[in-house]
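The values are calculated or read from the model by the stated rules, or taken from the named source; none is laboratory data. Predicted, not measured: the structure shown is a model, and the values here were computed from it. Methodologically, a virtual Cβ is constructed for each residue, glycine included, from the backbone with ideal geometry; neighbour enumeration extends over all protein chains shown.
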Amino acid sequence: MSAAQWRKAMNSAAAQATPRMEPIRRAAPPAAPAEPDPYADSSAPRWLKFLWRHVGARHVLTLLALLLFPFVASPFLTFQVGGQTLALGLIALSLTLLAGYGGMVSLAQMTVAGIAGYTVAILGTSGTSLSLGWHWGVVVVFALAIATAGSVLVGWLSVRTEGIYTIMITLAMGVAFYYLALQNYSVFNGFQGFQKVYPPEVLGIDWRQPLPFYFLALALAMAGYFLVKYLVRAPFGVALQGIRDNPRRMNALGYNVTAHRVAAYAVAGDLAAVGGILLVWYNGLITPGSVGTSWLINILVIAVLGGVKHPIGAFIGALIFVLLQTFAIDLIDRERFNLVIGGAFLLIVLFSPDGLLGLWSQLKSRLQRAQAVSSSVR
């Protein structure tokens with residue numbers, strides 16, 4: 001017998017003689033009973049299942065606070081702060097969908113909203129003779145369709161670029177539309193724009209009054225918010241986030257990167273169009289200044305202030321922006337408002353790149369770590 005065979009025989013004998021040690025298995029703690037899902041085995045629509053699974057207590061409390069707000073606040077706060085916040089929040093929400101979940105920073109969202117606003121003013125009724133005076137239902141449909149088509153065009157031209165190039169292309173389109181509205185008098189009425197563009201009276205209700213307008217804006221803002229929350233969890237939203245993180249790998253897996261990005265621009269354009277219609281009804285007018293460069297940047301500031309990775313951040317940023325715009329002039333000159341907004345934007349970017357919601361998450365995690373350390377010491 002060779003030495004190698006002898007060692008092999010000895011090892012096998014030792015293995016047979018040595019008893020195997022079974023790992024000690026601890027009994028798992030009993031799991032807490034899960035709340036039954038009434039829609040688990042039903043044929044209910046997906047949106048109803050989504051609401052049941054993802055609408056928590058904080059959503060209910062927030063909704064109750066929003067419903068009670070106009071009854072405890074003055075008409076000025078209801079209209080000036082509440083209504084304007086919801087309208088601007090919808091436009092910023094469109095940018096949140098593109099930038100936060102698609103990785104596409106577009107500066108043309110206010111341009112898309114302006115296209116919808118100009119369509120309402122041109123085809124509907126205003127204090128200008130250029131308006132055609134069509135029925136409000138037809139006007140709203142045309143405004144949404146034209147603005148969404150404009151957003152698709154912006155997306156089709158810009159999705160093949162990334163980073164700073166996307167920003168510059170969308171900014172160039174926004175500036176081009178501004179000068180088109182400023183210099184065209186036959187369609188856009190030049191620098192004067194359109195005055196007295198008011199919402200129609202439906203069901204005997206004047207929708208420009210503070211209370212009706214607030215609830216109209218609230219209903220549309222909630223619809224846009226839950227639409228984005230649903231989309232980012234749907235297969236389309238998951239694929240869009242994968243494209244944001246690694247477009248080459250998603251393309252190799254068989255996903256059409258360009259089609260997904262253009263579709264995201266279409267959805268974002270629809271959201272911005274709704275916000276643009278609300279904004280022109282809120283102001284009662286639309287001029288080239290409504291789609292100027294300052295407002296293109298303001299929408300980006302609003303989205304970043306709240307947190308561009310959170311749908312609710314668009315409305316939080318809009319609230320901060322409107323509060324500063326409304327009450328900061330009591331402390332400083334109106335001309336220095338941009339200085340205040342720029343300072344707040346700079347502080348948020350430096351200390352919390354994820355906006356106010358990111359800052360809140362940091363504070364909450366620090367408190368949890370402090371509580372864990374104190375409990376371990378005890």
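Look at Arg208 and say whether it is in contact (Cβ under 8 Å) with a residue 60 or more places away in the chain, among the charged types (D, E, K, R) and under 29 Å from Gln80 (Cβ atoms). Judged against the criteria, Arg208 is a match. Given the conditions (1) farther than 20 Å from Ile115 by Cβ; (2) in contact with a Phe, Trp or Tyr (Cβ under 7 Å, 6 or more places away or on another chain); (3) not in a loop (DSSP other than H, G, I, E, B), which single one is not true for Arg208? (3) is the only condition that Arg208 fails. For segment 306-347, a residue qualifies if it is at pLDDT 75 or above, under 21 Å from the mean Cα position of the chain (by Cα) and either among the β-branched types (Val, Ile, Thr) or not in a helix (DSSP H, G or I) (or both), and the qualifying residues are Gly307, Val308, Lys309, His310, Ile312, Ile316, Ile320, Val322. Would you be able to say whether some residue in segment 109-127 is in a helix (DSSP H, G or I), among the hydroxyl-bearing types (Ser, Thr, Tyr), touching a strand residue (DSSP E or B) at 6+ places or on another chain (Cβ under 7 Å) and crowded, with 21+ Cβ neighbours inside 10 Å? Yes, some residue in segment 109-127 is in a helix (DSSP H, G or I), among the hydroxyl-bearing types (Ser, Thr, Tyr), touching a strand residue (DSSP E or B) at 6+ places or on another chain (Cβ under 7 Å) and crowded, with 21+ Cβ neighbours inside 10 Å. Residues considered: Gly82, Gly100. Of these, the only one that is in contact with a Phe, Trp or Tyr (Cβ under 6 Å, 6 or more places away or on another chain), crowded, with 22+ Cβ neighbours inside 10 Å and not in a loop (DSSP other than H, G, I, E, B) is Gly82.
Residues that are touching a Ser or Thr at 6+ places or on another chain (Cβ under 6 Å) and closer than 30 Å to Gly127 by Cβ within segment 159-188 comprise Gly174, Phe177, listed in sequence order.
Checked against the criterion of being under 20 Å from the mean Cα position of the chain (by Cα), buried (at least 23 other Cβ atoms within 10 Å of the Cβ) and not in a helix (DSSP H, G or I), segment 138-152 contains not a single residue that satisfies it. Among the conditions (1) surrounded by 14 or more Cβ atoms within 10 Å (Cβ to Cβ); (2) within 20 Å of the chain's Cα centre (by Cα), the only one that Phe177 does not satisfy is (2). Scanning segment 229-247 for residues that are surrounded by 16 or more Cβ atoms within 10 Å (Cβ to Cβ) and charged (D, E, K, R), we see that the one that is nearest to the chain's Cα centre (by Cα) is Lys229.
Tallying residues that are within 17 Å of Glu201 (Cα to Cα) and either without any contact (Cβ under 8 Å) to a residue 24 or more places away in the chain or not hydroxyl-bearing (Ser, Thr, Tyr) (or both) within segment 126-137 yields 6. Pairing each residue of segment 302-330 that is over 17 Å from Met222 (Cα atoms) and without any contact (Cβ under 8 Å) to a residue 12 or more places away in the chain with any residue that is of a type outside the set (Gly, Ala, Ser) and part of a helix (DSSP H, G or I), provided the two are 6+ apart or on different chains, yields C-beta distances under 7 Å for Ile329/Phe337.
Pairs please, first residue from segment 188-202 and assigned to a strand (DSSP E or B), second anywhere and β-branched (Val, Ile, Thr) and at pLDDT 90 or above, Cβ atoms under 6 Å, 6+ apart in sequence or on different chains. That search, which allows pairs on different chains as well, returns Phe194/Ile286. Among the residues making up segment 153-173, those that are closer than 14 Å to Gly269 by Cβ and part of a helix (DSSP H, G or I) are Leu153, Val154, Gly155, Trp156, Leu157, Ser158, Thr170, Met173. Tallying residues that are among the hydroxyl-bearing types (Ser, Thr, Tyr) and either at positive phi or out of contact with any Phe, Trp or Tyr (no Cβ under 9 Å at 6 or more places or on another chain) (or both) within segment 251-283 yields 1.
Residue count for segment 240-294, restricted to those that are of a type in the set (Phe, Trp, Tyr) and either in a loop (DSSP other than H, G, I, E, B) or at pLDDT below 90 (or both): 1.
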